[in-house]
Amino acid sequence: MRSLAHNPSYLQVTPLALVILLFLLFPVLTILVVSFWDFNAYQLIPDFIFENYQFLLTSDVTLKAYLKTFFYAFTTWAITLGLGFTLAYYLAFYIRSPLLQSVLFVLCTVPFLTSNIIRMISWMPLLGRNGMINSALQQLELIDAPIEWLLYSDFAVVLAFVHLYALFMVVPIFNSMMRIDRNLMEASMDAGASALQTVFQVVVPLCKSGIAIGSIFVVTLVMGDFITVRLMSGGLSASVGVLIHNEISLLQYPAAAAGAIVLLLTVLLMLSILFRFINIKKEL
Amino acid sequence: MQINKGSVELVGVVKRYGDKLAVSEINLAIAGGSYCCLLGPSGCGKSTTLRMIAGHEAVSEGDILLNNRNVTDLPPRRRGTAMMFQNYALFPHLSSLDNVAFSLKIAGISKADRHARALEMLQLVNMETYADAFPDNLSGGQQQRVALARALINQPEVILLDEPLSALDPFLRVRMRTELKRIQQQLGITFIHVTHSQEEAFALADSVVVMNNGCIEQIDNPQGIFRTPRTAFVAGFIGGHNIIEGRLTGAGLQISQARTLALQTVPAPHSGGDQTQVSLRCDHIRVSPRPFDNAQALPLQVESVEYQGSYVHVRTRSDDGLQLSIHQPDADYLQAPLYPGDPAYVGWHPEDLNPLQPPAAHA
């Protein structure tokens, strides 16, 4: 209490601290506690056992799911980065009129006016076995049989991820690009750099924070996803999220909790590696 | 030092933005190894002209020659010019040393080599102790030195400076001005410097190019510009001049029925009539509360008196419309002070009336 009287700023951070405590820390702690409980087909038994983790960390299924999740996360990250950087570059440096810039920027966000599920489902009539792409190709007699890998495949999953999350990459990169002094581009050209050299020597280093923030969004979203993987792979692929979801459906809460804790630690580890390379605090 | 190295020539250069004419057909020859200032108000086309020489702005018509080599369509780096930008445009993610070495890195020179050469350049501008500092941690003057070193590293024949001193505080501005001149003379390369400050242009330039509305109003050395401004715009822009308008008659310049000023040289009449203008330096007018030899017969009236230190600024006018600003030496003022409302007898040598040309025709 003494410090509170001396330093009223503690009082000022109390509301936020309470919110974080109640809605973030408390649930996570609950999950952590439950992950050590025992369970059988119909009940949870408070306990302190390591079997959930033991099973999780030695299972082949977990390893496969993690590899699959890493594959989705990496592929989606790479594609959204390429796409996001190019789009942001075009918006920031090629569109001269600020009005057109904001109009195009808003246009980028239009898909976000519909829900995730609807945006995913809307791919199905396009990609399905008898969908628009397959029937069009067949009518043009370019293919004899429908292409099977368009839907319910890794391709479909990554496509949906890119569609869902590309904007999370565009916005922060666009934001950091808009802060680049245009004279720097000319200074770079004056030094003899080609357009491509200017991009890699000047624009990319100055967009590092935007790229990092976008990467955090995309990677964490993909790592934690289960609905996209289930819908777009037709249940054929399992990511870590899908595994956890399955366990919850079977009322195996302690196992699901253990899975969630391991996933959380994995993502935190990935982020801490990222922060090692880029000082985000400096840029905010 | 070769005389011709780094000479720049603009032949009929025009710049249009859509329908708007930014620079209208200018011809300009800048001697190699000289310090040239493009002087004019904002929007007069001086920066556009500089950027066209640098290659950052396409030329609509005309040619730009460097060392008698046509560089109109060459990219910036292949012209042998280097630009120093108004806000210096240092790369915030690179240290001073890497900023200076940037173009060498682009050229694919090894790290050790380019750092050695960059350090040499930083030494030239007395910034070697800040080699590892990032631009954000440097003051305006230090950033400018780094920017200058970066411009110099490729041994350009021409350095282009876009308002290089405008971001500095007045004290630093004067110091950097001296520094710029020192480096220019030490290296003997051409400096083309855009500024809106006539003080800066006079202090630095071998030749001053006064621009207005996309046209060149006058090219001369600073003395020539100040002693014999060619047009009313030049006389007004550099300041310290009265512009007197009148009708040209056999006796001289007629201001009113009663007042005609004798002229040494007869100016060209402005198009459309015999109206013409002359300029008269404020500090070449003698003023006194009492008549004196060679004074104008009709006195003016003192409107205001401002003490300025080395001189006193006396504003006078007469009923016939003649208005004169006078810089009176403070010793004269102290001997016979003038007060607002006093009659002011004024006089000057007839050759001090400098005939002005009509403004350059705008295409």
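Of the residues examined, A:MET169 is one that is away from every other protein chain (no Cβ under 13 Å), part of a helix (DSSP H, G or I), of a type outside the set (S, T, N, Q) and closer than 21 Å to A:PHE74 by Cβ. What are the residues in segment B:340-358 that are assigned to a loop (DSSP other than H, G, I, E, B), surrounded by fewer than 18 Cβ atoms within 10 Å (Cβ to Cβ) and in contact (Cβ under 8 Å) with a residue 60 or more places away in the chain, if any? Across segment B:340-358, the qualifying residues are B:HIS349, B:PRO358. Checked against (1) within 31 Å of the chain's Cα centre (by Cα); (2) surrounded by 24 or more Cβ atoms within 10 Å (Cβ to Cβ); (3) more than 10 Å from every other protein chain (Cβ to nearest Cβ); (4) in a helix (DSSP H, G or I), B:ILE159 passes all but condition (4).
Here is the figure for segment B:187-217: residues that are exposed (fewer than 15 other Cβ atoms within 10 Å of the Cβ) and without any contact (Cβ under 8 Å) to a residue 40 or more places away in the chain total 1.
Step by step: first the residues of segment B:58-107, then only those that are in contact with a strand residue (DSSP E or B) (Cβ under 7 Å, 6 or more places away or on another chain) and among the acidic types (Asp, Glu), then the one that is farthest from B:LEU138 (Cα to Cα). Which residue is that? So, considering only residues that are in contact with a strand residue (DSSP E or B) (Cβ under 7 Å, 6 or more places away or on another chain) and among the acidic types (Asp, Glu), the one farthest from B:LEU138 (Cα to Cα) is B:GLU61. In segment B:107-134, of all residues being part of a helix (DSSP H, G or I), closer than 18 Å to B:MET176 by Cα and in contact with a helix residue (DSSP H, G or I) (Cβ under 7 Å, 6 or more places away or on another chain), the one that is nearest to the other protein chains (Cβ to nearest Cβ) corresponds to B:MET121.
Each residue in segment A:10-36 was checked for being touching a Ser or Thr at 6+ places or on another chain (Cβ under 8 Å) and of a type in the set (A, V, I, L, M), and 0 pass. Kindly check whether there is at least one residue in segment A:198-214 that is away from chain B (no Cβ under 14 Å) and farther than 21 Å from A:LEU164 by Cβ. So far as segment A:198-214 goes, no, none of its residues is away from chain B (no Cβ under 14 Å) and farther than 21 Å from A:LEU164 by Cβ. Search segment B:24-48 for residues being within 20 Å of A:ASP190 (Cβ to Cβ) and over 14 Å from the mean Cα position of the chain (by Cα), and hand back the single one that is surrounded by the most Cβ atoms within 10 Å (Cβ to Cβ). Here the answer is B:ILE30. Contact map, segment A:17-32: residues that are under 17 Å from A:VAL262 (Cα atoms) paired with residues that are surrounded by 12 or more Cβ atoms within 10 Å (Cβ to Cβ), Cβ distance under 8 Å, separation 6+ or inter-chain. Pairs shown: A:VAL28/A:LEU264; A:ILE31/A:ALA257; A:ILE31/A:ALA260; A:ILE31/A:ILE261; A:LEU32/A:ALA257; A:LEU32/A:ILE261.
So for segment B:24-37 (the condition being of a type in the set (Phe, Trp, Tyr) and touching a His at 6+ places or on another chain (Cβ under 8 Å)), does at least one residue qualify? Yes, segment B:24-37 has at least one match.
Beta carbons closer than 7 Å, at least 6 apart along the sequence or on distinct chains, pair a first residue in segment B:8-30 that is more than 24 Å from B:ASP206 (Cβ to Cβ) with a second that is polar (S, T, N, Q) and buried (at least 17 other Cβ atoms within 10 Å of the Cβ) for B:VAL14/B:SER24; B:LYS15/B:THR48; B:ALA22/B:THR48.
The residue pairs whose first member lies in segment B:68-94 and is within 11 Å of chain A (Cβ to nearest Cβ) and on the phi > 0 side of the Ramachandran plot, whose second member is among the aliphatic types (A, V, I, L, M) and part of a helix (DSSP H, G or I), and whose beta carbons are closer than 7 Å, counting only pairs six or more residues apart or on different chains, are B:TYR88/B:ALA147; B:ALA89/A:LEU184; B:ALA89/A:ALA187.
Within the option set B:LEU97, B:LEU104, being more than 18 Å from B:LEU161 (Cβ to Cβ), within 14 Å of another protein chain (Cβ to nearest Cβ) and free of Cβ contacts under 8 Å to residues at least 60 places away in the same chain holds for one residue only, B:LEU104.
Conditions tested, residue by residue: (1) surrounded by 10 or more Cβ atoms within 10 Å (Cβ to Cβ); (2) among the charged types (D, E, K, R); (3) in a helix (DSSP H, G or I).
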residue	(1), (2), (3)
A:PHE85	yes, no, yes
A:TYR90	yes, no, yes
A:PHE93	yes, no, yes
A:LEU99	no, no, yes
A:PHE105	yes, no, yes
A:ARG129	yes, yes, no
A:ILE133	yes, no, yes
A:GLN138	yes, no, yes
A:GLU141	no, yes, no
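Checked against the criteria, B:ALA147 does not count as in contact with an Asp or Glu (Cβ under 8 Å, 6 or more places away or on another chain), crowded, with 19+ Cβ neighbours inside 10 Å, among the small types (Gly, Ala, Ser) and within 9 Å of chain A (Cβ to nearest Cβ). On inspection, A:ALA191 qualifies as more than 30 Å from A:VAL103 (Cβ to Cβ), crowded, with 20+ Cβ neighbours inside 10 Å, of a type in the set (Gly, Ala, Ser) and within 14 Å of another protein chain (Cβ to nearest Cβ).
Throughout, read-outs are computed from the coordinates displayed, never taken from laboratory work. Values in this document were obtained by computation on a predicted structure and should not be read as measured data. Glycine also receives a Cβ, built like all others from the backbone with ideal geometry; neighbour counts cover every protein chain displayed.
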